Amino acid sequence: MAHDIEIIEKTPAEYNYKKRNADRAMRGQLMMFALMIFMTLISFTAVQAGFSPLFVIPVILLLAAVQVGLQLYYFMHMKEEGHGLPAMFMYTGVLIAFLTVLTFVTIVWW
Amino acid sequence: MTTAANTVAQKKGFGATLWDWLTTVDHKKIGILYLIGGGFFFVLGGIEALMIRLQLLVPNNDFVSAGFFNELITMHGTTMIFLAAMPLLFGFMNAIVPLQIGARDVAFPFINSLGFWMFFFGGLFLNLSWFIDAAPDAGWTSYASLSLASTGHGIDFYAIGLQIAGGGTLMAGINFLVTIINMRAPGMTYMRMPLFTWTTFVASALILFAFPPLTVGLFFLTFDRMFGGNFFDVDYGGNTIIWEHIFWIFGHPEVYILVLPSFGIFSEIFTIFSRKRLFGYSAMVFATVLIGFLGFMVWAHHMFTVGLGPTANAIFAVATMAIAVPTGVKIFNWLLTMWGGSIRVTTPMLYALGFIPSFVMGGVTGVQQGAAPLDYQLHDSYFIVAHFHYVIVGGVVLAILAATHLYWPKMFGTMLSEKLGKVTFWFFFIGFHMTFFLQHFLGLMGMPRRVWTYNADQGWDLFNMISSAGALLMAIGVIVMVINIIMTTAKNERVGNDPWEDGRTLEWAIPSPPPFYNFAQTPLVRGLDTYWIEKQDGNKKGYIPAEPLSDIHMPHGSFIPFVMSLGLFIAGFGAMFRVEHSWGLPVLIAGLVLTFLSMSLRSVKDDLGFYVTKEEILRTERGSK
């Protein structure tokens with residue numbers, strides 16, 4: 001089976017461009033990683049410090065939401081090009097799930 | 001025309017042919033399998049419908065018992081929606097959509113095959129209930145308090161059978177999404193996709209979001225009935241309304257899953273037989289997406305009488321009426337596509353012409369029911385029966401029959417008789433209106449839905465009799481179509497690439513039936529109605545190739561999907577008889593083991609497919625000229 005495997009050599013300019021981009025991406029990843037750990041620390045501290053649950057629970061939920069966003073956009077690369085369609089499907093799914101939950105807490109009585 | 005593949009197939013013995021069909025991953029063959037499976041269940045559902053109408057022919061009839069009548073209506077609804085309408089549409093999607101976007105197969109051929117076999121075994125499981133115990137008898141909606149009270153295994157068959165078949169549907173939906181997103185030929189932008197591809201895309205997205213709720217609901221029901229759960233059992237703190245919400249969160253989008261591809265089929269027919277491009281293409285696409293989106297916001301209009309409160313009812317009533325707007329856009333676009341076109345009234349076009357008034361009637365009664373106060377009057381009456389049959393028969397079944405005539409030459413290489421086709425249409429169309437038009441008035445006169453029999457002299461006798469006579473006409477129409485199919489197959493007069501002569505989209509640019517690799521070279525798409533553009537430019541080949549002729553990578557067939565589905569089928573029986581028979585649990589485990597073993601076999605075994613060589617392609621292409 002003679003299937004031509006195409007080998008494309010990068011030009012030096014192209015190589016430098018890709019490398020610069022990769023470096024920048026790496027820096028972003030590390031920063032976000034540090035941020036995520038910091039947010040996790042805040043959550044644990046908030047629980048340990050013994051604040052009122054009325055304060056702690058919303059804060060933890062908020063941080064969790066931020067972390068989900070960071071996870072999706074940075075570590076799962078949704079901020080990069082070509083992720084518009086998955087994003088659209090995810091947000092549609094989120095909307096429908098939200099409506100379902102809203103229904104169940106408002107018009108389904110117990 | 002005889003392709004090389006066909007010549008080989010004709011020389012094969014029966015066993016080899018059977019094996020070929022059991023293991024096929026070719027989207028065109030799976031399309032045909034869906035048509036056979038869906039057609040079989042369509043006939044079953046039709047027989048059930050005839051028995052229902054026979055029972056209601058005269059007042060105080062005792063042709064069937066009340067209990068058996070409940071089984072008939074339940075199985076008629078369930079079979080027609082899940083096992084006939086949807087698979088038949090899947091058949092056409094499978095056969096046509098990859099051709100329309102210039103692809104060689106769907107994105108996941110293996111999963112495509114698995115989806116079919118799960119549908120088939122799920123449907124088989126559900127219908128075996130007639131012979132093994134009792135058929136489900138709580139209506140196709142299977143509302144929880146009633147379905148939990150149902151004795152025997154009927155509802156168990158419903159829950160497990162639909163679970164298996166629904167899994168197959170979900171897979172098929174995801175497969176079409178990935179195919180349409182990733183496998184379009186160069187130049188086929190989203191806004192150049194034929195309308196049937198667009199509607200398949202939106203319907204698949206609806207499947208993706210609507211079927212998981214059904215899965216959850218059916219699992220709840222399964223646990224409640226077979227494993228001691230109490231999700232819906234009010235005595236133990238459950239809530240029976242939850243089933244209704246879950247079912248309709250799935251059930252309303254399901255209507256659009258059925259009707260959107262039908263819209264797509266009719267859009268193709270209107271453009272082909274009016275010799276004009278579709279009027280307002282982008283508005284059509286937008287309307288399709290909007291209908292799909294709004295389809296998720298309206299489910300509670302099935303539950304106005306539950307007592308959700310005036311606020312919830314008002315919100316859902318307004319949302320329901322909003323759907324009439326994009327649907328109206330579509331209707332007017334179809335009319336304006338025909339406006340000034342050079343119309344040929346072929347059999348598919350006849351169906352399309354009959355579809356518009358029929359579907360509009362179903363839509364108008366739908367808006368009436370969308371008004372919550374009026375719905376209190378109409379709820380659970382024959383008015384509802386008339387409404388949804390106008391939508392589903394007038395929209396979906398007419399589309400399926402039209403598509404059978406339109407795409408038969410592309411799928412099988414022979415042309416169904418136009419004369420018999422028109423006979424079928426008139427029998428079916430007149431029968432359909434006879435059966436269901438008067439049911440509106442039966443409903444307004446107070447005849448309740450799902451009623452086993454009725455007393456004489458309430459003014460219902462004549463209308464019921466006419467209604468039953470209409471059902472017979474529809475049956476005659478379908479029988480004529482079967483005769484048509486048999487005669488056409490026996491005559492076997494082969495047709496060329498573009499048998500309707502005015503084909504506009506890519507599927508008409510290649511032989512009928514297409515060679516198993518579809519396109520010798522991936523086509524280049526230069527605009528909407530690709531093949532039409534090439535014809536106008538005098539391109540004899542039918543499409544511009546986007547790549548040089550080279551070896552084509554194709555997937556191997558596989559028997560694993562069949563075994564996987566068989567495992568679930570066996571496990572279903574185990575789950576059902578677990579409590580009363582000692583063999584239940586071992587059978588449940590054995591079935592699941594079979595499924596998981598075949599899954600791991602699939603994971604472990606590397607199957608890299610094979611290459612069709614350039615020489616073989618050239619030989620096939622010469623043979624098909």
- Query: In terms of solvent-accessible area of protein heavy atoms at a 1.4 angstrom probe, what is the ranking of B:Val345, B:Val397, B:Val306, highest value first?
  - Reply: B:Val345, B:Val306, B:Val397
- Message: Give the residue list of chymotrypsin sites (Phe, Trp or Tyr not before Pro) in segment B:186-271 that are DSSP loop and have at most 13 other beta-carbon atoms within 10 angstrom.
- Response: B:Phe227
- Item | Peptide B:205-212 - average C-beta neighbours from other chains (10 Å radius) | 2
- Using the Karplus curve 6.51 cos²θ - 1.76 cosθ + 1.60 with θ = phi - 60°, work out ³J(HN,Hα) for each residue of segment B:586-592 in order, rounded to whole Hz, and write x for Gly and Pro. x, 5, 4, 5, 4, x, 5
- Message: Taking 8 Å as the Cα distance limit and 6 or more residues as the minimum spacing, I'd like the relative contact order of chain B as a percentage.
- Response: 17 percent
- Message: I'd like the mean, over residues of A:84-92, of how many other protein chain beta carbons sit within 10 Å of each residue's own Cβ.
- Response: 2
- Task: Starting from the residue with the highest accessible area, list B:Ser600, B:Ser512 in decreasing order, probe 1.4 Å.
- Result: B:Ser600, B:Ser512
- Query: Do the alpha carbons of any pairs in A:Lys10/B:Lys540; B:Lys12/B:Lys410; B:Lys330/B:Lys491; B:Lys29/B:Lys614; B:Lys29/B:Lys535 sit beyond 30 Å of each other, and which pairs?
  - Reply: A:Lys10/B:Lys540; B:Lys330/B:Lys491
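Taking 8 Å as the Cα distance limit and 6 or more residues as the minimum spacing, I'd like the relative contact order of segment B:1-146 as a percentage. Write out the running numbers ahead of the final one.
Numbers: 133 pairs, mean separation 49.3, N = 146.
34 percent.
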- Message: Report the B-A buried area as the accessible area lost on both sides summed, probe 1.4 Å, in Å² to the nearest 100.
- Response: 1700 Å²
- Query: Per-residue HN-Hα couplings for segment B:140-152, Karplus 6.51 cos²θ - 1.76 cosθ + 1.60 at θ = phi - 60°, whole Hz, x for Gly and Pro?
  - Reply: 5, 7, 6, 3, 4, 4, 5, 5, 6, 7, 5, 7, x
- Message: Give the separation of the Cα centroids, segment B:240-266 to segment B:133-190, in Å.
- Response: 11 Å
- Round to a whole angstrom and tell me the spacing of the C-alpha centers of segment B:296-355 and segment B:365-404. 11 Å
- Which residues does a label at A:Ala97 reach in segment B:238-261, if reach means a backbone N under 18 Å from a point 7 Å past the Cα toward the Cβ? B:246, B:249-250
- Query: Whats the longest run of chain B with zero GluC sites (Glu not before Pro) that are DSSP loop and have at most 13 other Cβ atoms within 10 Å?
  - Reply: B:1-492
- Message: Can you give me the solvent accessible area of A:Val105 with a 1.4 Å probe, rounded to the nearest 10 Å²?
- Response: 110 Å²
- Taking the radius of gyration and the Kirkwood hydrodynamic radius from Cα positions alone, what is the Rg/Rh ratio for the protein assembly as shown, to two decimal places? 0.98
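The values are calculated or read from the model by the stated rules, or taken from the named source; none is laboratory data. Since we're looking at a predicted model, the values are computed, not measured. Here the Cβ is made from the backbone with ideal geometry for all residues, glycine too, and neighbour counts use every protein chain on show. These area figures cover heavy atoms from the full protein model, side chains too; ligands, DNA and RNA do not enter into them. Shrake-Rupley method; radii C 1.70, N 1.55, O 1.52, S 1.80 Å.
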